[in-house]
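The values are calculated or read from the model by the stated rules, or taken from the named source; none is laboratory data. Keep in mind that what you see is a predicted model, and the values were worked out from it rather than measured. Please note: Cβ atoms are built from the backbone with ideal geometry, for glycine as well, and neighbour counts cover all protein chains shown.
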Amino acid sequence: MTDKATAAGELTDIGNKRYFGEGLLRWYRKERRDLPWRRSRNPYHIWVSEIMLQQTRVDTVIPYFNRFVGRFPTLRHLAEAPEDDVLKHWEGLGYYSRARNLQAAAREVVEHYGGEVPRGKAEVSGLKGVGPYTTGAILSIAYDQPEPAVDGNVMRVLSRYFCLEDDIARPATRVAMESLAQSLIPEGQAADFNQALMELGAMVCTPKSPSCPVCPVGEHCEGRLQGRERELPVKTKAKKARPVFRLAALIEGTGAYAGKVLVRQRPETGLLAQMWELPHIEAPDEEIWNRLDEGAGLLEAALAEDGVRVKASNEVVGEAQHIFTHLVWKIKVLGAAALEERYVADRTGYRWIGPEEFENYAWPNVFRKLLTEYFLLVRRG
DNA sequence: AATTCGGGGCC
DNA sequence: GGCCCAGAATT
């Protein structure tokens, strides 16, 4: 190995590769965390865990995983469950298309593979929500096939160990890393090796301050030897989230609907797909968002388009902010009254709900918070 | 190759 | 505030 950074595709140092795999495996077998999805080789459990773990930390996933496999113990249970039930078990976990795709894929497996997670690479990678990483993870962890499973942890570890300066934000880099990672898998030990690589990234070779002194492969880590572990991996920065200004309506029921609020379900696809929310609009810009009389008028007009006739006030009864990866919702909630209360779910996706129905629906955090506050307030009078 | 998809934990 | 996380789908 030269003292120059190497490109991921050009590594031929076989001796160093063997040292890496064996050292890592020894360490992993001693230090591996006891995680719920590591207690069996149930391919369905492995699969569910891998979907949940996409862009999501282990500590966050654990309670969701336990609840999910408790409620949907087998792939068939998941396939046959109501979609809203699946989404409810995903509430708060984020990236909700994962839940939708997971169930769709479970149904595919029942339909085409007799209810058993297939063993073929083409079959697995063809399932909805299963990309290159998850394909490798399922095949290696559940079936011990020598497929790479390259995630953010793995790219960080390999970038440092081999001192690679490839930008890990580029798809081409991931492809190169997959070849490298596959060449590192010790014969017959794909399951443990792939998990070891990720475990090292999560526990030792962490993003900010890696624990090189206790690293099982630190002696031959090129990045560390060159004192460059903190500069690696190279990654182009993400763009900043753009603000979006929104006006929501808190429409309180009266008479037979007293104590209830009018809510609606979001579309099947896209942002927060199929989740429930307060009816709201995007303000044309920040100025209009601040002019509440004008905002109330726009809100009324938009709801009227859905056949929902309300009178919106210019009184802000709640305010919230919701941060996504690529945008920030700034929400003002205006008080509103229904002019006609016979809105039904079947026709427009709108529905009156009270505190007793609240928990039967799946909410994005921001609306869960707003509605919880409201129902508490009402209960106190 | 870029953008769209959540939410939380850490600095 | 920014950064990262056991990424995938869409354009």
Which one of these does A:Gln55 not meet: (1) surrounded by 13 or more Cβ atoms within 10 Å (Cβ to Cβ); (2) among the polar types (S, T, N, Q); (3) at pLDDT 95 or above? (1)
The one condition in (1) at pLDDT 95 or above; (2) more than 28 Å from A:Ala338 (Cα to Cα) that A:Met275 fails to fulfil: (2)
Do we have any residue at all in segment A:128-145 that's of a type in the set (Ser, Thr, Tyr), free of Cβ contacts under 8 Å to residues at least 24 places away in the same chain and away from DNA strand B (no atom under 16 Å from the Cβ)? yes
How many residues are more than 23 Å from A:Glu116 (Cβ to Cβ), of a type outside the set (S, T, N, Q) and within 15 Å of DNA strand B (Cβ to nearest atom) when one looks only at segment A:68-97? 9
How many residues does segment A:285-297 hold that are free of Cβ contacts under 8 Å to residues at least 12 places away in the same chain and within 26 Å of A:Thr348 (Cα to Cα)? 1
Mind checking which residues of segment A:307-360 are within 16 Å of DNA strand C (Cβ to nearest atom) and aromatic (Phe, Trp, Tyr)? A:Phe324, A:Trp329
Does A:Gly129 count as within 13 Å of DNA strand C (Cβ to nearest atom), of a type outside the set (Val, Ile, Thr) and within 30 Å of A:Arg228 (Cα to Cα)? no
Scanning segment A:216-259 for residues that are more than 16 Å from DNA strand C (Cβ to nearest atom) and hydrophobic (A, V, I, L, M, F, W, C) gives A:Val217, A:Cys221, A:Leu225, A:Leu247, A:Ala248, A:Ala249, A:Leu250, A:Ile251, A:Ala256, A:Ala258
Show me the helices (runs of 4 or more DSSP H) found entirely inside segment A:299-381 where at least 3 residues are within 16 Å of DNA strand B (Cβ to nearest atom) and hydrophobic (A, V, I, L, M, F, W, C). A:365-380
For A:Leu184, are the conditions met, namely being aliphatic (A, V, I, L, M), more than 22 Å from A:Pro43 (Cα to Cα), away from DNA strand B (no atom under 16 Å from the Cβ) and under 28 Å from the mean Cα position of the chain (by Cα)? no
Could you identify the single residue in A:Gly223, A:Gly218, A:Gly255 that is surrounded by 13 or more Cβ atoms within 10 Å (Cβ to Cβ) and touching a residue at least 24 places away in the same chain (Cβ under 8 Å)? A:Gly223
Please tell me if A:Thr12 is outside any helix (DSSP H, G or I), at pLDDT 95 or above and among the β-branched types (Val, Ile, Thr). no
